[in-house]
Each structure stands twice: as C-alpha cells, then as structure tokens.
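S.K.: Attaching a single structure in structure tokens format; questions to follow.
The values are calculated or read from the model by the stated rules, or taken from the named source; none is laboratory data. Computed from a predicted structure; not experimentally measured. Positions of Cβ are generated from backbone atoms using ideal geometry, with glycine treated the same way; all protein chains shown enter the neighbour counts. Side chains included, ligands, DNA and RNA excluded: accessible areas come from the protein's heavy atoms. Shrake-Rupley method; radii C 1.70, N 1.55, O 1.52, S 1.80 Å.
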Amino acid sequence: MLFPPENCPRIVVKIGSALLVDAAGGVRRAWLEGIAADIAERVAAGQQVAVVSSGAIALGARRLNLPKGGRASLEDAQAAAATGQIALGHTWAEVLAARGLTAAQILVTLDDLEDRRRYLNAAATLGRLLQLGVVPIINENDSVATAEIRFGDNDRLAARVAQAAGAQGVVLLSDIDGLYDRNPALPGALHIARVERIDAGVAAMADTGSASGMGSGGMVSKIQAARIATGAGAALAIASGRIDRPLSAEARHTIFTPEKRKRARKAWLAGRLTAKGAIQVDAGAAQALAAGRSLLAAGATGVTGRFARGDVVTIEGPDGAIARGLAEYDAAEAQSLLGRRSEEHEAILGYAPRAALVHRNHMALL
C-alpha cells in the first residue's frame, strides 16, 4: 500500500481524466466505487485523504456535444468545465456517501495558491475539512481560469494542495505506472522505482504528452509536481490507475523521496509557479546563496521583468533558476544597484539602503 495510514497521517490523491472518464465521456463508475472503497478503508484507519480530481471538462464536453473533448477553444473548455463540474461533484458525493463519507468541493485557480493570504485561507479550509473527516474534492476552476492564470494540469495542483494541507504523501494516479528512463513505448525502456534527487538527468527522462489525449498533463508536469511536493517535505508517488483498487493494490510505481521539510513560508515560495521578475547572478553569488547567504547587489548581473518591493522574484545563476524570494527593491532600483558594493548604495539611491536585494529570511532555494 502506498503511504499507509500508520506512518502517513494525511495524503492527497490525484486522479486523471483518462481514469475517471471513459472514451465516450461517461464516468467509469465501477472503478470510481473501488477508489471510494480504498479511501473509506484509509479514513477508517485514521488517515485523512484529500482528492484532486480531473474530469469536469471531459464530462461537460459529452453533455454539450463539444468537439475535441471540450478543448477546441478556451471558451469551450470553460463551458464544459462549468457543466461537468456539477456532474463530477455529484458523482463523488454519491460514491463516498455509499461508504459513509461526506464529500466537500473546493475549486481553485492558480492565483488562489500564489497569493499568500488566499493560500493561507485555502490551507485553513482544507485543514478543518480533513479534521472533520470530510473528503475534500479539489479541482481547478476551469470555468473562470484563463491561459494566464491556470495551473494547466492537476499534477502540480495536487502538489500545491499537499503543501497547503501539510500532507506527508501525494499519489498521482495516471495511465502510466511511474517514471521510465525514456518513453516507455520505446524498446528497452527501464522503470525507475525510486528517485532520491530530481536532477537534470531525471528531468530529461520525462516525456511530454498524455497517452490518452484526454488529460492535460504528461511526465513533465509530474516531475514538476514532484519538485514542489518533495521540496515541501512530502513524498510523491506516480502509480497506475489502470487497475482496480489502485490505492490498496501492490503494484509497480515510482517514489520521489522528500527533502527536509522547509518552514511554511519558504515552502510556499519554493512551490510557487509564477514570479513577477528575475534577478541574474554570477557564479560567486550562486555559491553564496547555496551556503545560506542573502543576495547582495555586488553579485547581481541583470534584472528582468517588472516588480515592486515585496514581489516574488526568481534568482537565476549561470545554470538556471536557483532560488525564489521576496524583492527588497523594485526592478528599477535593483537595476541601478547591479554589481555595486553596499557602501555605494546610499549615494545611488538617495536614501539609506536595505541589507540585500533579497534577504535569506525571505528566500527559498530551488
């Protein structure tokens, strides 16, 4: 069993569209009832379970007779989501009620989890529902989300929900049983059972696309989800849902082991999917950040984007993004300080300078 109740008090389970909805656009009811049975067993054993469920667009597209599964346009997807979400929530409520469980529905957009205050509100709601023994059913609010404010897949949403809920485990049920060293359709593809560290080699194994053509996520999104979850101190498993009772079955899967749990605010920063801008730094500054130092202007080489003081920025070293944090200056001020030593700052700015471009207390390494 993945993440058994005795050592994992709280888990988040993500279910992809291709598992929940059949090719004709109907709910795979018997399979879903098996999932409900698995959840009921875990809840009875003392585990708190939240579900991130895809399927609204696929279900709505069938009811509205929309082409391409409701994804021909943003407007079609929004209409399908609005229609299908009712059916999806009703179905979940029925199958869980049959097992003596109460379902709750939470719809979120990217902004809800990227804005700190709204993130804390969502975390509080999730926590209370789980304490009450309710099973929250969470989905992206596709009926109002646009391309600019979307998660775009429920893999990363599940990881962010796990972070907000303080979960110890995330299970991504999909149409594949884990990570392979290349596209599993290719000869000689090897299954990877355990990943201790997500490095460039692991990222290179990811293959874009969804085998079913129904969902929006592929292995790339699952690796990104694993980065978020493990960075927040939760283990993440990619497992096949193409079997009955997948949460209780002993089947092959891939486990991504958690890092040391960050403090809550730093975990939120590291798990963010958006930033207002970026500050580029040299190799020396990158090494200093890795050693736990603040970002000083002397090691900064460039500024991109438009950000104000307090906005989230990404810090980029010679080899890519290395940290995310809250800017102590706006973009124009930061630009004026690039490469300049601290004793020069007051003359440049015309006022007493702050200690750093990004202070270590408001920064999370990636």
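S.K.: If I ask for residues that are surrounded by fewer than 17 Cβ atoms within 10 Å (Cβ to Cβ) and closer than 15 Å to residue 272 by Cβ, which ones from segment 300-335 would you list?
M.R.: Residues satisfying the conditions are 305, 310, 311, 321.
S.K.: Pull out all pairs, ordered by first then second residue, where Cβ-Cβ is under 8 Å, the residues are six or more apart or on different chains, the first lies in segment 69-80 and is on the phi > 0 side of the Ramachandran plot and in contact (Cβ under 8 Å) with a residue 12 or more places away in the chain, and the second is β-branched (Val, Ile, Thr) and assigned to a helix (DSSP H, G or I).
M.R.: Qualifying pairs under 8 Å: 69/57; 70/57.
S.K.: When you go through 265, 242, 293 one by one, which is the residue that is charged (D, E, K, R), under 30 Å from residue 19 (Cβ atoms) and either open to solvent by 10 Å² or more (accessible area, probe 1.4 Å) or more than 17 Å from the chain's Cα centre (by Cα) (or both)? It would help to see each step written out before you state the result.
M.R.: Values: 265 fails: under 30 Å from residue 19 (Cβ atoms); 293 fails: under 30 Å from residue 19 (Cβ atoms).
Sole residue among the options that is charged (D, E, K, R), under 30 Å from residue 19 (Cβ atoms) and either open to solvent by 10 Å² or more (accessible area, probe 1.4 Å) or more than 17 Å from the chain's Cα centre (by Cα) (or both): 242.
S.K.: May I ask you to list pairs of residues, at least six apart or on different chains, whose Cβ atoms are under 9 Å apart, with the first in segment 15-34 being in contact (Cβ under 8 Å) with a residue 12 or more places away in the chain and over 16 Å from residue 84 (Cα atoms) and the second being crowded, with 21+ Cβ neighbours inside 10 Å and of a type in the set (Gly, Ala, Ser)?
M.R.: Taking only residues 6 or more apart or on different chains, the pairs are 31/241.
S.K.: For segment 101-119, what are the residues that are within 16 Å of the chain's Cα centre (by Cα) and within 18 Å of residue 10 (Cα to Cα)?
M.R.: If the condition is that a residue be within 16 Å of the chain's Cα centre (by Cα) and within 18 Å of residue 10 (Cα to Cα), then 106 is the only one that fits.
S.K.: Please tell me if residue 270 is out of contact with any strand residue (DSSP E or B) (no Cβ under 8 Å at 6 or more places or on another chain) and in contact (Cβ under 8 Å) with a residue 24 or more places away in the chain. Show your work before the answer.
M.R.: Working: out of contact with any strand residue (DSSP E or B) (no Cβ under 8 Å at 6 or more places or on another chain): no; in contact (Cβ under 8 Å) with a residue 24 or more places away in the chain: yes.
No.
S.K.: Taking the options 250, 316, name whichever one is under 24 Å from the mean Cα position of the chain (by Cα) and either in contact (Cβ under 8 Å) with a residue 24 or more places away in the chain or under 21 Å from residue 111 (Cα atoms) (or both).
M.R.: Within the list 250, 316, the selection yields 316.
S.K.: Hey, does segment 31-49 have a residue that's within 22 Å of the chain's Cα centre (by Cα) and closer than 13 Å to residue 139 by Cβ?
M.R.: No, that holds for no residue.
S.K.: When only residues in segment 264-290 that are at pLDDT below 95 and assigned to a loop (DSSP other than H, G, I, E, B) count, which is nearest to residue 124 (Cα to Cα)?
M.R.: Result: 272.
S.K.: Also, I was wondering about something else. Need the failing condition index for residue 287 against (1) open to solvent by less than 60 Å² (accessible area, probe 1.4 Å); (2) closer than 25 Å to residue 233 by Cα; (3) among the polar types (S, T, N, Q), just the number.
M.R.: (1)
S.K.: Out of all the residues in segment 81-99, which are within 13 Å of residue 141 (Cα to Cα), surrounded by fewer than 19 Cβ atoms within 10 Å (Cβ to Cβ) and touching a residue at least 24 places away in the same chain (Cβ under 8 Å)?
M.R.: Within segment 81-99, 82, 89 meet the criteria.
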